[in-house]
Amino acid sequence: MILTKAQYDEIAQCLVSVPPTRQSLRKLKQRFPRYLNGVGENGAAPVLLELANEVDYAPSLMARIVLERFLQEHEETPPSKSVINSMLRDPSQIPDGVLANQVYQCIVNDCCYGPLVDCIKHAIGYEHEVLLRDLLLEKNLSFLDEDQLRAKGYDKTPDFILQVPVAVEGHIIHWIESKASFGDECSHHAYLHDQFWSYWNRFGPGLVIYWYGFIQELDCNRERGILLKGCFPTDIVTLCHSIA
């Protein structure tokens, strides 16, 4: 789905219901004694999850905050980010059994953030890369994938480099990047800065496929060498001037 910015803003406005982070943290601080009392009475009850829902805060982020505070109080040195992430991925590593159960309940009940959601996103991303590979093979287009490029020494690469460039809607394409997400302003500008312009600088103009659509106005860099599409193009022109 390709939306105009006005359409996207209208939808986003309807979805914005989570209060600011500082406000949520203030509410958490006010209710923290109740959390301690709750787990003291019944450590198996989803006290932390209920508290997160009450203050409209993502359960996995709430679990991270409480876990960090717990470790700070029980460890001689502040916990590293890698230690925190490892415990969130595997709560059995948390030395306190009650807190481990509370964190686990938050992780498995969070549909937007956390390690479980990250795994789902990674799987969906890989699924669409496989889909793109199959479509390229179906069109008999020769390419190098990300693993082959890294084996050649490239550190930052798109998903596929076309060994023979093609044309899409009158624009030359040297590489294709698959994004199994919706391209909004924030994510797209970050991708431009961190990935797309680097690909353009190293490999030339390319194509980005946002499989779940994007904001129409973001497709404004075609003349500079970055084309956006919401699906695999059907009008690919090869060097022999035929439609692939």
> Can you run phi through the Karplus equation (6.51, -1.76, 1.60; θ = phi - 60°) for the stretch 174-186 and list ³J(HN,Hα) in whole Hz, with x for Gly and Pro?
Replying inline: 9, 9, 9, 10, 9, 10, 8, 7, 8, x, 8, 4, 4
> So who's got an amide H within less than 5 Å of the one on Val166, skipping anything under 5 residues away but keeping other chains? H placed 1.01 Å off N, in plane.
Replying inline: Ile173
>> In Å, what Kirkwood hydrodynamic radius results for the stretch 187-236 from the alpha-carbon pair distances?
In response: 11.3
>> Residue by residue through the stretch 165-171, what is 3J(HN,Hα) from phi via Karplus (6.51 cos²θ - 1.76 cosθ + 1.60, θ = phi - 60°)? Round to whole Hz and write x for glycine and proline.
In response: x, 10, 10, 10, 6, x, 10
> Got a sec to turn the phi values of the stretch 88-100 into Karplus ³J(HN,Hα) couplings, 6.51 cos²θ - 1.76 cosθ + 1.60 with θ = phi - 60°, whole Hz, x for Gly and Pro?
Replying inline: 5, 5, 9, x, 5, 6, 5, x, 9, x, 5, 5, 4
> Using the Cβ atoms and a cut-off under 14 Å, what net charge is assigned to the surroundings of Asp145, where Lys and Arg are +1 and Asp and Glu are -1?
Replying inline: -3
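Would you work out what percent of the accessible area of the chain, with all protein chains in place, is carbon or sulfur (probe 1.4 Å)? Before the final figure, lay out each step's value.
Working: 7590 of 14160 Å².
Accessible surface attributable to carbon and sulfur in the chain totals 54 percent.
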> When Cα extents along the principal axes in Å is calculated directly from the model, which label among (i) 75, 43, 28; (ii) 58, 41, 38; (iii) 56, 44, 39 fits?
Replying inline: (i)
> Which one of Val39, Asn109, Gly213 is farthest out on the positive end of the charge dipole of the chain, using unit charges on Cβ (Lys, Arg +1; Asp, Glu -1) and the Cα centre as origin?
Replying inline: Val39
> Of Ala58, Phe70, Met1, which is farthest on the positive side of the dipole of the chain, counting Cα position, with +1 on Lys and Arg Cβ, -1 on Asp and Glu Cβ, and the Cα centre as origin?
Replying inline: Phe70
> Nearest 0.05, what FRET efficiency do Ser142 and Gln195 give at R0 = 22 Å with Cβ-Cβ as r?
Replying inline: 0.45
>> Normalised by the empirical 2.2 N^0.38 Å for globular proteins, what value does the Cα Rg of the stretch 103-186 take?
In response: 1.40
>> Suppose every Lys and Arg Cβ carries +1 and every Asp and Glu Cβ carries -1, with no other charges. What dipole size does the stretch 53-189 come out with about its Cα centre, to the nearest 20 debye?
In response: 320
>> Heavy atoms of the protein only, probe of 1.4 Å, neighbouring chains included. What is the accessible area of Lys121 in Å², nearest 10?
In response: 120
>> On a 26 Å Cα-Cα criterion, which of the cross-link pairs Lys81/Lys156; Lys5/Lys139; Lys152/Lys229; Lys121/Lys229; Lys5/Lys229; Lys5/Lys156 come out too long?
In response: Lys5/Lys139; Lys152/Lys229; Lys5/Lys156
>> Given a 1.4 angstrom probe, what's the average accessible area per residue across the stretch 136-182, in square angstrom?
In response: 50
> Dipole size in debye (nearest 20) for the chain around its Cα centre, Lys and Arg Cβ +1, Asp and Glu Cβ -1?
Replying inline: 420
> For the stretch 25-156, what ratio Rg/Rh do Cα atoms give with a Kirkwood hydrodynamic radius?
Replying inline: 1.18
> Using alpha carbon centroids, what distance separates the stretch 150-181 and the stretch 75-114, in Å?
Replying inline: 38
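The values are calculated or read from the model by the stated rules, or taken from the named source; none is laboratory data. Given the structure is predicted, the values throughout are model-derived calculations rather than measurements. Glycine also receives a Cβ, built like all others from the backbone with ideal geometry; neighbour counts cover every protein chain displayed. Remember, those area values only see protein heavy atoms, side chains included, never the ligands or the DNA or RNA. Shrake-Rupley method; radii C 1.70, N 1.55, O 1.52, S 1.80 Å.
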